[in-house]
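> Quick one: structure below, then a few questions.
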Amino acid sequence: MSSAKRKKTARRSPARSAQRIAALAGGVGASKLLFGLYAECDPEKLEIIVNTGDDIVMHGLRISPDLDIVTYTLAGVVDAAKGWGFRGETFRTLERLRAYGRENWFNLGDLDLATHLHRSALLAEGKTLGEAAESIRLALGVQSRILPMSNQPVPTIIESSEGPLHFQEYLVKRRAEPVVRGIHFENVEIAAPAPGVLEAIRGARRIIICPSNPLISIGPILAVRGVREELQARKKDVIAVCPIVGGKSLKGPSDRMLAQLGYEASARGVARLYADFTGIFVIDGEDKSQAEAIRALGMDVAVMPTVMKTPAQKRRLARALLAL
Ligand code: FO1
C-alpha cells in the first residue's frame, strides 16, 4: 500500500465509514463540499441526489450540467477554475457548429460532448437518465452513486422581466441580468423520484443539504413527489449548509434571486425555507449573530467556517459535518 493510501485509510474512523450518507446537490457550489465528503467518508456509502432542473436539450443532445459537474469533480477531471466541464478542454466542435449557424452561447467542450452523446444514445436506446448517470460515473471511476432527482425532465423555468426563460438561458445566455418574477418546475407534478432517491434518504445516517441555491438547485429536488416528506420524517438527521454568507451567495445568483422574489438574502432567509425538514442548520462565523433567530425557527444551529476555496477547507468542513 502506498503511504498516501495508508494515510487516507488511517484518517477514516471505522464506525463512521460504515454508515451511509445522503447528499442533496446542485452543481458547482455543492461539488466543493462533495469533494470533501468523498475524501472524508467511505465514498461507496455516499449517495448523491442531484438537481436535474438545469438539464437542457442542445443540438439534439441531452445535457445534464449538475450531474456532470458532480461526476467530473469526484472523478478529478473537472476544470477547477470554472467548476464545470473537463480540465484542458477544447471547443473545436462548437466552432464547427457555429459555422453551421447553430447557437453557441452554451460552451460545450469536445470531451464534454462525448458525455452528452453517450447519455443521449443511452436514452434513445430506452435507458433511463439514472442508468445513464450510473454508466457515466462508473466509466469515470466514481465510487459514490450519483442519482438524478427524477428520470423525467423537469426543466426549471424562470419567469423574468423578459418573459419565460429556461434556467440556462437566464443564467448563461442572459448572465442572470433579467429580473426574476417567479420560478416553476415544468411537469414536476407528474415526475416521480428516480429509483434510489427516497431509499437513499430513508437509509442514511445523515442527510446533507449541500450549499447550493435554495430556489433553483435544492428547490427542484424538494419539489419532486415525496422528497420533502421523506426529509421531514428524518428532520433530526438532516444537516443543511447555508449557501449565503454575510448576505452574499457563495456561488451564482442566489442572493439576487432571493431578494427579487421577496425572500431575505441572508442565512436566516434560507433557514426559513428549510425549517420544516432541517435538524441542524450550518452557518458561517460571519453570520453568528443570526443563530438565535434561526434556532427560533425550530432547528439547531452549528457555526463553523463554510467558505471553501482550498481542498483542505473542503475536507475540513466535510469532517466537521460528519462529526456533528
Ligand atoms: N456555465 C456557464 O456559465 N457558461 C457556459 O457556457 C456553461 C457551459 C456548460 C456546459 C456543460 C456543463 O455541464 C455546464 C456548463 N455550465 C456553463 C455550467 C452550468 O450552466 C451551471 O453552472 C449549472 O447548471 C448550475 O449548477
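The values are calculated or read from the model by the stated rules, or taken from the named source; none is laboratory data. None of the values given here were measured: they were computed from a predicted structure. Here the Cβ is made from the backbone with ideal geometry for all residues, glycine too, and neighbour counts use every protein chain on show. With ligands, DNA and RNA removed, areas are computed over all heavy atoms of the protein, side chains included. Shrake-Rupley method; radii C 1.70, N 1.55, O 1.52, S 1.80 Å.
> Would you be able to say whether some residue in the range 56-65 is surrounded by 23 or more Cβ atoms within 10 Å (Cβ to Cβ) and within 16 Å of the chain's Cα centre (by Cα)?
For the range 56-65, residues surrounded by 23 or more Cβ atoms within 10 Å (Cβ to Cβ) and within 16 Å of the chain's Cα centre (by Cα): present.
> Let me ask you something else. Restricting attention to the range 241-249, does a residue exist that is in contact with a Phe, Trp or Tyr (Cβ under 8 Å, 6 or more places away or on another chain), surrounded by 19 or more Cβ atoms within 10 Å (Cβ to Cβ) and assigned to a helix (DSSP H, G or I)?
The answer is no, given that none of the residues of the range 241-249 is in contact with a Phe, Trp or Tyr (Cβ under 8 Å, 6 or more places away or on another chain), surrounded by 19 or more Cβ atoms within 10 Å (Cβ to Cβ) and assigned to a helix (DSSP H, G or I).
> Test Asp284 against the stated conditions and say whether it is at pLDDT 95 or above, open to solvent by 30 Å² or more (accessible area, probe 1.4 Å) and of a type in the set (Asp, Glu).
No.
> When the residues of the range 66-97 are narrowed to those that are of a type outside the set (A, V, I, L, M) and over 23 Å from Tyr38 (Cβ atoms), which ends up farthest from the chain's Cα centre (by Cα)?
Checked the range 66-97; the qualifying residue farthest from the chain's Cα centre (by Cα) is Arg96.
Here's the yes/no breakdown for (1) closer than 26 Å to Arg175 by Cβ; (2) open to solvent by less than 40 Å² (accessible area, probe 1.4 Å); (3) within 11 Å of the ligand (Cβ to nearest atom):
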position	(1), (2), (3)
Asp68	yes, yes, yes
Gly85	yes, yes, yes
Ala114	no, no, no
Leu122	no, yes, no
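> Kindly provide the set of residues from the range 193-226 that are under 20 Å from Ala320 (Cα atoms) and hydroxyl-bearing (Ser, Thr, Tyr), ordered by number.
Ser212
> Specify which of the listed residues (Leu24, Leu34, Leu97) is surrounded by fewer than 18 Cβ atoms within 10 Å (Cβ to Cβ) and either at positive phi or in contact (Cβ under 8 Å) with a residue 24 or more places away in the chain (or both).
Leu97
> Sort out which residues of the range 135-191 are of a type in the set (Phe, Trp, Tyr) and either open to solvent by 30 Å² or more (accessible area, probe 1.4 Å) or away from the ligand (no atom under 13 Å from the Cβ) (or both), and write them in order of number.
Within the range 135-191, Phe185 is the sole residue that qualifies.
> Considering only the range 197-219, state which residues are away from the ligand (no atom under 16 Å from the Cβ), under 17 Å from the mean Cα position of the chain (by Cα) and open to solvent by 10 Å² or more (accessible area, probe 1.4 Å).
Once the filter is applied, which keeps residues that are away from the ligand (no atom under 16 Å from the Cβ), under 17 Å from the mean Cα position of the chain (by Cα) and open to solvent by 10 Å² or more (accessible area, probe 1.4 Å), the range 197-219 yields Leu198, Arg206.
> Checking Ala75 against (1) more than 14 Å from the ligand (Cβ to nearest atom); (2) among the small types (Gly, Ala, Ser); (3) open to solvent by less than 50 Å² (accessible area, probe 1.4 Å): exactly one of these is not met. Which one?
Only one criterion is unmet by Ala75, namely (1).
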